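S.K.: Submitted below is the structure of interest, expressed as structure tokens.
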Amino acid sequence: MVEALVHEVPAMFRAGAVCRLPAVIVVCQVLFGCTPAPVEKIDGGSQVARDDWSFSAGTIFLQHDVPGLLLGTRKSSDGPREIAYVMLFRHEVSANTHVQRPEDVGVTFDGKLVSMKDGITIDGKTVSLRLQIEVKPHSPQVKSETLKLDNQVQPTAQGRLFLVDLTVNPPTWQQVRAQLPTDLPDPSGRDAVREVARIIMTDLSRNNATVAQFLTKRK
């Protein structure tokens, strides 16, 4: 199964034309009888850089019939870009799916305390994440971290990866300790987000049986 997925995953991230405007979809249906395009959201989120650090949060990859991804990263001045958190989620988006992100999605950094906020709601089913990182000023040293998923504290020592099922109500999730890819590209821009999502899913599906099963399972 894992070997098959390794070959399948890259094909999931091919760019395709997507019709996003409701009025255009209606005209398309009425005049040409075409099928409305499913909802798609691919965005790099927000980034902040200061002193010896750069952080990103709110990166999203959401595409029809492919597991979704929410991502935050961190990078010190002398280190690779690492995953601060990553959520892989099952979904059932279609042209009529209602997708919302929290208004406060993103990252702030005052030189000492980093605050990352992320989450998504799909047809009323929600998952939210908050991560606070305290760093030593003017140093690439992390002093402490507090991660909350759906307002429940989850020790980062138990894993920065969460597998979330948004096809059930209420949603379910699993925290997984896994070897995560490092030295990721800067997740800014649609093409970069696609590439980061491909790297993460391909790497994890190859090296972690729990993730491989999650990515291939269908309802």
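Read-outs throughout are calculated quantities, based only on the coordinates presented, and are distinct from any laboratory measurement. Only a predicted model underlies this, so the values are computations on that prediction, with no experimental measurement involved. For neighbour counting, all protein chains shown are included, and Cβ atoms are generated from backbone atoms with ideal geometry for every residue, glycine included.
S.K.: Which trypsin sites (Lys or Arg not before Pro) from segment 82-159 combine a DSSP loop assignment with at most 14 other Cβ atoms within 10 Å? Kindly include the intermediate steps, with their values, before the conclusion.
M.R.: On the way: sites: ARG90, LYS112, LYS117, LYS125, ARG130, LYS143, LYS148; in loops: LYS112.
Hits after loop and neighbour filter: LYS112.
S.K.: Equivalent-ellipsoid semi-axes (√(5λ), Cα gyration tensor) for segment 81-143, whole Å, largest first? Write down the numbers at each step before the final one.
M.R.: Numbers: eigenvalues 193, 28, 12 Å².
Taking √(5λ) for each Cα gyration eigenvalue gives 31, 12, 8 Å.
S.K.: Using the Cα centre as the reference, give the magnitude of the dipole from point charges on the C-beta atoms of segment 118-219 (Lys, Arg: +1; Asp, Glu: -1; all else neutral), rounded to the nearest 20 debye.
M.R.: Details: 14 positive and 11 negative charges, 57 e Å.
The dipole magnitude comes to about 280 debye.
S.K.: Mind checking which lysines have their Cα closer than 28 Å to the Cα of LYS136? Skip sequence neighbours fewer than 8 apart in that chain.
M.R.: LYS75, LYS112, LYS117, LYS148
S.K.: Size of segment 134-215 along its principal axes in angstrom, Cα-based, largest extent first?
M.R.: The Cα atoms of segment 134-215 stretch 43, 32, 24 Å along the principal axes, largest first.
S.K.: Using alpha-carbon positions, what is the distance between the centroids of segment 95-148 and segment 37-90, in Å?
M.R.: So the separation of the two Cα centres works out to 10 Å.
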